[in-house]
Amino acid sequence: MEMINAIGRRKASVARVYLTQGEGKITVNGKDYKEYFTIPHIQSDITDPFQTVEIDGNIYDVKVNVNGGGFKGQAQAIRMAISRALVKMNEEFRSPLKSRKFLMRDARVVERKKYGKPKARKSFQFSKR
């Protein structure tokens, strides 16, 4: 199997994933993914695509370059990129991944701050007199 690459995005995060035949190592920016993401439910975001298509994750090595955003946005960008790479590898994986919404770009971002207000929607206290 040759190297398969895919891109995933979420908020301000961009993840580039390279999927190759191997022994199941997932490295994110040169570190093991459990070392990079220390919170357990964030770690499961990364392995969810493999469990959804019922592939043993020990057959593929995943090398990830991710930048921008926070740790949760980065994890979800990686999840999307791994899902896209799995679909490139086998088209039958598309329907289970799509039903879990792993292939859909979540376009929600922070609303911009408006002038005359302290935040996007919060207002200063109103005084009639």
Of the candidates 15, 77, 107, which one comes out as most mobile in a Gaussian network treatment of the chain with C-alpha springs shorter than 10 Å? 107
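Scan segment 47-129 for GluC sites (Glu not before Pro) in coil per DSSP, keeping those whose Cβ has at most 12 other Cβ atoms within 10 Å, and list them by number. Don't jump to the answer; show the numbers that get you there.
Numbers: sites: 54, 91, 92, 111; in loops: 54, 111.
Listed in order of number, the matching sites are 54, 111.
With the other protein chains left in place, how much accessible area per residue, in square angstrom, belongs to segment 40-92 at a 1.4 angstrom probe? Walk me through the intermediate numbers first.
Details: 2390 Å² over 53 residues.
Per residue, segment 40-92 has an accessible area of 45 Å².
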Rounded to the nearest 500 deg cm²/dmol, what is the calculated helix-only ellipticity per residue at 222 nm for the chain, with -39500 (n - 2.57) per DSSP H run of length n ≥ 4? -9500 deg cm²/dmol
Could you state the angle between the C-alpha long axis of helix 71-89 and the longest principal axis of the C-alpha atoms of the chain, as a value from 0 to 90 degrees rounded to the nearest 10? 40 degrees
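Dipole magnitude of the chain about its Cα centre, charges +1 at Lys/Arg Cβ and -1 at Asp/Glu Cβ only, in debye to the nearest 20?
Roughly 1780 debye, rounded to the nearest 20.
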State the answer as a single residue: which of 67, 41, 6 lies farthest towards the positive end of the charge dipole of segment 1-74, with beta carbon charges of +1 for Lys and Arg and -1 for Asp and Glu, about the Cα centre. 67
Dipole size in debye (nearest 20) for segment 50-116 around its Cα centre, Lys and Arg Cβ +1, Asp and Glu Cβ -1? 600 debye
Would you calculate the separation in nanometres between label points at residue 108 and residue 72, each defined as 7 Å from the Cα along the Cα-to-beta-carbon direction? 0.9 nm
If each Cα of the chain is one equal point scatterer, what is log10 of I(q)/I(0) from the Debye formula at q = 0.12, 0.13, 0.23 Å⁻¹? -0.49, -0.55, -1.41
Taking the Cα atoms of segment 17-57, report the difference between the largest and smallest coordinate on each principal axis, in whole Å and largest first. 24, 21, 15
Would you be so kind as to identify which of 125, 102, 115 lies farthest towards the positive end of the dipole of the chain, taking Lys and Arg as +1 and Asp and Glu as -1 on Cβ and the Cα centre as origin? 125
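The values are calculated or read from the model by the stated rules, or taken from the named source; none is laboratory data. Please read all numbers here as calculations on a predicted model, not as lab measurements. Positions of Cβ are generated from backbone atoms using ideal geometry, with glycine treated the same way; all protein chains shown enter the neighbour counts. The accessibility values were calculated without ligands, DNA or RNA, using every heavy atom of the protein model including side chains. Shrake-Rupley method; radii C 1.70, N 1.55, O 1.52, S 1.80 Å.
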